[in-house]
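Nothing in this text is a laboratory measurement; each read-out follows from the coordinates by a stated rule. Please read all numbers here as calculations on a predicted model, not as lab measurements. Here the Cβ is made from the backbone with ideal geometry for all residues, glycine too, and neighbour counts use every protein chain on show.
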Amino acid sequence: MLQLPDRDRQHLIPRIQHYVAEELDCEIGQLAAGFLLDFFLKGCRSHT
């Protein structure tokens, strides 16, 4: 899995939460947003 520095994760997690709220009309917490980020990072690794 691709690894991101903690600083980058802390920046991306609220952006994921905002995206999900705006586009899917659904609220998710920091933990769920972190899992979603990890899912996409794993997917990126499998295609490189």
Requested in this report: Write out, first by first residue and then by second, each pair whose Cβ atoms fall under 8 Å of each other, whose residues are 6+ apart or on separate chains, and whose first residue, in the range 12-26, is without any contact (Cβ under 8 Å) to a residue 24 or more places away in the chain while the second is β-branched (Val, Ile, Thr) and in a helix (DSSP H, G or I).
Outcome: Cys26/Val20
Query raised in the report: Which residues, counting only those in the range 3-35, are in a loop (DSSP other than H, G, I, E, B) and exposed (fewer than 12 other Cβ atoms within 10 Å of the Cβ)?
Result: Gln3, Pro5, Asp25, Cys26, Glu27, Gly29
Query raised in the report: What residue, among those in the range 38-48 that are out of contact with any Leu (no Cβ under 6 Å at 6 or more places or on another chain) and in a helix (DSSP H, G or I), is surrounded by the most Cβ atoms within 10 Å (Cβ to Cβ)?
Result: Asp38
